[in-house]
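The values are calculated or read from the model by the stated rules, or taken from the named source; none is laboratory data. Just so it is clear, the model here is predicted, and its values are computed rather than measured. Note that each Cβ is placed from the backbone with ideal geometry, even for glycine, and that neighbours are counted across all protein chains shown.
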C-alpha cells in the first residue's frame, strides 16, 4: 500500500538541464570523488575546485549521486569510471533489483526502451535479450548511459538520443517487446491518470501495438489498479513490485488481442523474492474470521505488495489463515509458514487497554491497525520503550473488541 516514502517513487516529468563533462572521467577526478564520498557535498560545492576543468558543483553532484546509488545501484556504485547524472535522475530510476525482476517479463529476442533514462532497465533487459534499443530524449543523459554501458561491457544496447515515441512510430522494425516508463507532466495531488503522463501511452497504444505484440508499462504504485485498467486494454498481467515492504512500481503487461482473465502478481523482494499470484476473479473470495485468539497462535502481516493487490480475503484462504477482523489485514494461524510474503509474529499474550495500563516498564515496537489512536500517541500514553524483537499490536478482533497483542517477531519482510 502507499506509504510516506511513496512521493520519491512518483516520477515527475522534468527536463534535466546539464552537460556531460568528460573531464570528470579523468583518473585524478575519479580518485577525488571516491576519496570524498563521506564529505558533505554542500561543502564540496561551496569550496574551490582543485581541477580547472571540473567545477565544484559538478564534483558535488558526482559525490551526491554516487552516494545515492550505493544500495540502489551497487553495480554502478562499485564500478570504476561511472559517470553519474543529476541526483534527480538517480531518484527516478529503477533500482537494480526491480530492473532485474522486470527483465523476466520479456519474451523473444529484442526490446526497445522508449524512456531509457540512466539505462538501468535497459542494462538488465540486455542481460536476457539479444538486442536492446535505448531511446532517451535528453541527449546528455543518453550519452551518459552509453558511456556507462561501455564501462559495464553491455555491448548489445544501441543508444539513440531521440524521442522514443517518435522513433517507434517511424521505425519499420517489429519488436518483440516495447518498454515504457511514462512520467507525470505535473504533480496534481495523489490521483493521477496515465493520459496525464509523458509519453501518453493511452493515446499511443494502438500505434505501439502495431510495432510489438507485448508492451510493458511501468508506473508509480500510486496508480489505482482499477483506474489503470479502465484506461488500458489487452492487459494480461499486473505485477506489483515491493522492496523491503515498500511498493516501488506497478508493471502492466499488455499482450495484443489478449482476451483471457487478468493475472495479478504481488512480488515481495527482500533477501529472496516471494510471489503471490491470482486471477482477478479470485479477489472476491469470502474470508474466514478468527473467533478466538490465544498464545498458541502466530500472527501474519502481509507485505505492502500483497496489500496493494486488494486480495485481502484470498491472502488468508491461500495460506490457511484466519482473518482477525474483516477490516483489518492481519491474520492468525496455529502454524508457521515461512513462504508467506510478509512478517510473522509469535503471539505471547492478548491484553485489554485496562490491563496494559497496570503494567510497568513496557517495551516493544507499536503497530496500530483499526484501533483508536495513533502509534506515537499510544507510545506516550503507555510509556512504551522501543525494542528490536518485541511488539505491541493495537487492533480489533472479530467481536469488535479493541485488543492489544504482545508478540515477538519471527520473520521479517
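Among the candidates 38, 110, which residue alone is closer than 30 Å to residue 174 by Cβ and more than 24 Å from the chain's Cα centre (by Cα)? Before the answer, list the steps.
Numbers: 38 fails: closer than 30 Å to residue 174 by Cβ.
Matching residue, one of 38, 110: 110.
When only residues in segment 383-397 that are over 31 Å from the mean Cα position of the chain (by Cα) and crowded, with 18+ Cβ neighbours inside 10 Å count, which is farthest from residue 351 (Cα to Cα)?
Filtering first and then ranking leaves 384.
When residue 255 is evaluated against the numbered criteria (1) touching a strand residue (DSSP E or B) at 6+ places or on another chain (Cβ under 9 Å); (2) under 27 Å from residue 91 (Cα atoms); (3) surrounded by fewer than 21 Cβ atoms within 10 Å (Cβ to Cβ), which criterion, by number, is the only one it fails?
Single failed check for residue 255: (2).
Of these, 339, 308, which one is closer than 30 Å to residue 205 by Cα, modelled with pLDDT of 95 or more and not assigned by TED's automatic domain parsing to the domain that holds residue 225? Break it down stepwise before answering.
Values: 339 fails: closer than 30 Å to residue 205 by Cα.
Step by step, each of 339, 308 is checked, and only 308 is closer than 30 Å to residue 205 by Cα, modelled with pLDDT of 95 or more and not assigned by TED's automatic domain parsing to the domain that holds residue 225.
Can you name the condition, by its number, that residue 308 falls short on among (1) crowded, with 20+ Cβ neighbours inside 10 Å; (2) without any contact (Cβ under 8 Å) to a residue 60 or more places away in the chain?
(2)
With respect to residue 210, is the statement that it is surrounded by fewer than 22 Cβ atoms within 10 Å (Cβ to Cβ) and modelled with pLDDT under 95 true?
Details: surrounded by fewer than 22 Cβ atoms within 10 Å (Cβ to Cβ): yes; modelled with pLDDT under 95: no.
So residue 210 fails the test.
With respect to residue 302, determine if the residue is in contact with a helix residue (DSSP H, G or I) (Cβ under 8 Å, 6 or more places away or on another chain), at pLDDT below 95, buried (at least 18 other Cβ atoms within 10 Å of the Cβ) and closer than 24 Å to residue 397 by Cβ.
Numbers: in contact with a helix residue (DSSP H, G or I) (Cβ under 8 Å, 6 or more places away or on another chain): yes; at pLDDT below 95: no; buried (at least 18 other Cβ atoms within 10 Å of the Cβ): yes; closer than 24 Å to residue 397 by Cβ: yes.
Criteria not met by residue 302.
Could you list, in sequence order, the residues of segment 215-271 that are in contact with a helix residue (DSSP H, G or I) (Cβ under 8 Å, 6 or more places away or on another chain), at pLDDT 95 or above, over 15 Å from residue 98 (Cβ atoms) and in a loop (DSSP other than H, G, I, E, B)?
Result: 232, 233, 234, 256, 261, 262.
For segment 186-196, what are the residues that are under 22 Å from residue 251 (Cβ atoms) and either at pLDDT 90 or above or within 20 Å of the chain's Cα centre (by Cα) (or both)? Steps first, please.
Start the filter on segment 186-196 by keeping residues that are under 22 Å from residue 251 (Cβ atoms), which leaves 190-196.
190, 191, 192, 193, 194 - these are the residues of segment 186-196 that are under 22 Å from residue 251 (Cβ atoms) and either at pLDDT 90 or above or within 20 Å of the chain's Cα centre (by Cα) (or both).
Looking at (1) part of a strand (DSSP E or B); (2) farther than 19 Å from residue 345 by Cα, can you tell me which one residue 300 breaks?
(2)
So how many residues does segment 312-328 have that are under 23 Å from residue 272 (Cα atoms) and crowded, with 23+ Cβ neighbours inside 10 Å?
3
Among (1) in contact (Cβ under 8 Å) with a residue 60 or more places away in the chain; (2) farther than 30 Å from residue 174 by Cα; (3) in contact with a helix residue (DSSP H, G or I) (Cβ under 8 Å, 6 or more places away or on another chain), which single condition is residue 291 missing?
Among (1) in contact (Cβ under 8 Å) with a residue 60 or more places away in the chain; (2) farther than 30 Å from residue 174 by Cα; (3) in contact with a helix residue (DSSP H, G or I) (Cβ under 8 Å, 6 or more places away or on another chain), residue 291 violates only (3).
So, residue 107, is that one surrounded by fewer than 17 Cβ atoms within 10 Å (Cβ to Cβ), in a loop (DSSP other than H, G, I, E, B) and either assigned by TED's automatic domain parsing to the domain that holds residue 201 or touching a residue at least 24 places away in the same chain (Cβ under 8 Å) (or both) or not? Walk me through how you get there before you give the answer.
Numbers: surrounded by fewer than 17 Cβ atoms within 10 Å (Cβ to Cβ): yes; in a loop (DSSP other than H, G, I, E, B): yes; either assigned by TED's automatic domain parsing to the domain that holds residue 201 or touching a residue at least 24 places away in the same chain (Cβ under 8 Å) (or both): yes.
The answer is yes for residue 107.
For residue 277, indicate whether it is out of contact with any helix residue (DSSP H, G or I) (no Cβ under 9 Å at 6 or more places or on another chain) and outside the structural domain of residue 129 (by TED's automatic domain parsing).
Working: out of contact with any helix residue (DSSP H, G or I) (no Cβ under 9 Å at 6 or more places or on another chain): yes; outside the structural domain of residue 129 (by TED's automatic domain parsing): yes.
For residue 277, the condition - out of contact with any helix residue (DSSP H, G or I) (no Cβ under 9 Å at 6 or more places or on another chain) and outside the structural domain of residue 129 (by TED's automatic domain parsing) - is met.
Which of the residues spanning segment 338-373 are free of Cβ contacts under 8 Å to residues at least 24 places away in the same chain and either surrounded by 18 or more Cβ atoms within 10 Å (Cβ to Cβ) or not in a helix (DSSP H, G or I) (or both)?
Those that are free of Cβ contacts under 8 Å to residues at least 24 places away in the same chain and either surrounded by 18 or more Cβ atoms within 10 Å (Cβ to Cβ) or not in a helix (DSSP H, G or I) (or both): 359, 360, 373.
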